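Undergrad: Dropping a structure here in structure tokens format, bear with me for questions.
The values are calculated or read from the model by the stated rules, or taken from the named source; none is laboratory data. Remember, predicted model here, so these are calculated numbers, not experimental data. With ideal geometry, Cβ positions are generated from the backbone for all residues, glycine too; neighbour counts draw on all protein chains shown.
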Amino acid sequence: MQNKKKNKLEKGFFISFEGGDGVGKSTQIDLLKEYLINKEFNVICTREPGGTKEAEQIRKYLVTGNKKAWDSHSETLIFNAIRREHIKKIISPGIEDGAIILCDRFIDSTIVYQGLVGKVNENELLDLHRKYCYNLFPDITFFLDLSSQKGLNRALNRQDTAENRFENLGLNYHNKILNGFDTLQKRNPNRIIRINADNSKEFISSEISSSIKKILNINE
Ligand code: TYD
């Protein structure tokens, strides 16, 4: 039997998924992964906070427990430490190897959660990103746009209810998060693609894969 050749990119491609809590990012990442694997690409799925073994351990201190456990400045430092290792050990080697990286949240989450909403100065955030996180931005970001109420309902009905530290900050907070992503998308219309996430998962997935098909010039 003839071995199919992997559709290897010369340089990898970095895609992040963003949005409020409970918008369905992980489902969409799974579906896009399936699509790209069918097209013979090398795909790496990863997430923040997390990605490396150590960061997955730190993750639980960030997403569980008391909502006042960390203020936005402390969170900023932790997210940057996690991101630096994540880029160094997972994302950059993947890009070098010609893979497509699908990442659940990245720098835009810090700009929105800790910056626009948490009030950490945005220039400071960008400065930290330049100094410690190689100033790496995704090639493309999908912003899954869903009303905060619907997102929160979904997030709070999930099986793993322990990971609810951010969800417990309430609707008013999550409306600000949604506005933050909206602002960021309007500022970066070329990089950040807005997807109406108030649709079936199949419909959302077909919107995402047809964008990627155009961007990466994928044949039928
Ligand atoms: P995630 O597991 O993606 O949450 P969900 O599945 O509910 O969308 O992310 C965990 C939480 O971490 C999320 O509420 C947002 C927060 N977060 C930040 O505040 N700043 C960051 O830089 C990142 C990556 C995540």
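For (1) within 12 Å of the ligand (Cβ to nearest atom); (2) closer than 23 Å to Thr64 by Cβ, each residue gets a yes or a no:
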position	(1), (2)
Ser92	no, no
Cys103	yes, yes
Asp108	yes, yes
Pro138	no, no
Gly170	no, yes
His174	yes, yes
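Undergrad: While we're here: Check Ser148, Ser210 and return the single one that is surrounded by 14 or more Cβ atoms within 10 Å (Cβ to Cβ) and hydroxyl-bearing (Ser, Thr, Tyr).
TA: Sole residue among the options that is surrounded by 14 or more Cβ atoms within 10 Å (Cβ to Cβ) and hydroxyl-bearing (Ser, Thr, Tyr): Ser148.
Conditions tested, residue by residue: (1) out of contact with any strand residue (DSSP E or B) (no Cβ under 7 Å at 6 or more places or on another chain); (2) assigned to a loop (DSSP other than H, G, I, E, B); (3) within 24 Å of Lys11 (Cβ to Cβ).
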| site | (1), (2), (3) |
| --- | --- |
| Asn80 | yes, no, no |
| Pro93 | yes, no, yes |
| Gly98 | yes, yes, yes |
| Val112 | yes, no, no |
| Asn123 | yes, no, no |
| Leu136 | yes, yes, yes |
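Undergrad: So Glu163 passes all but one of these: (1) within 11 Å of the ligand (Cβ to nearest atom); (2) in contact with a strand residue (DSSP E or B) (Cβ under 6 Å, 6 or more places away or on another chain). Which condition number does it fail?
TA: (2)
Undergrad: Here are Arg165, Arg158: which of them is out of contact with any Leu (no Cβ under 8 Å at 6 or more places or on another chain) and outside any helix (DSSP H, G or I)?
TA: Values: Arg165 fails: out of contact with any Leu (no Cβ under 8 Å at 6 or more places or on another chain).
After ruling out the rest, the residue left standing is Arg158.
Undergrad: Now a separate question. For the stretch 21-49, what are the residues that are modelled with pLDDT of 95 or more, in a loop (DSSP other than H, G, I, E, B) and in contact with a His (Cβ under 8 Å, 6 or more places away or on another chain)?
TA: The one that is modelled with pLDDT of 95 or more, in a loop (DSSP other than H, G, I, E, B) and in contact with a His (Cβ under 8 Å, 6 or more places away or on another chain): Glu48.
Undergrad: Something else: Which condition number does Asn190 fail, the rest of (1) in a helix (DSSP H, G or I); (2) surrounded by fewer than 18 Cβ atoms within 10 Å (Cβ to Cβ) being met?
TA: It is condition (1) that Asn190 fails.
Undergrad: Moving on. Report yes if Lys131 is more than 10 Å from the ligand (Cβ to nearest atom) and either of a type in the set (Val, Ile, Thr) or modelled with pLDDT of 95 or more (or both), otherwise no.
TA: Taking the combined requirement at face value, the residue satisfies it.
Undergrad: Restricting attention to the stretch 117-128, does a residue exist that is polar (S, T, N, Q), away from the ligand (no atom under 15 Å from the Cβ) and over 23 Å from Gln28 (Cβ atoms)?
TA: Taking every residue of the stretch 117-128 in turn, at least one turns out to be polar (S, T, N, Q), away from the ligand (no atom under 15 Å from the Cβ) and over 23 Å from Gln28 (Cβ atoms).
Undergrad: Select from the stretch 50-78 the residues that are within 17 Å of the chain's Cα centre (by Cα) and not in a helix (DSSP H, G or I) and write down the one among them that is nearest to the ligand (Cβ to nearest atom).
TA: Among those residues, the one meeting the criterion is Gly50.
Undergrad: Right, another one. Does Ser209 satisfy the condition of being in contact with a Phe, Trp or Tyr (Cβ under 7 Å, 6 or more places away or on another chain), polar (S, T, N, Q), more than 30 Å from Lys68 (Cα to Cα) and away from the ligand (no atom under 12 Å from the Cβ)?
TA: On the way: in contact with a Phe, Trp or Tyr (Cβ under 7 Å, 6 or more places away or on another chain): yes; polar (S, T, N, Q): yes; more than 30 Å from Lys68 (Cα to Cα): yes; away from the ligand (no atom under 12 Å from the Cβ): yes.
The answer is yes for Ser209.
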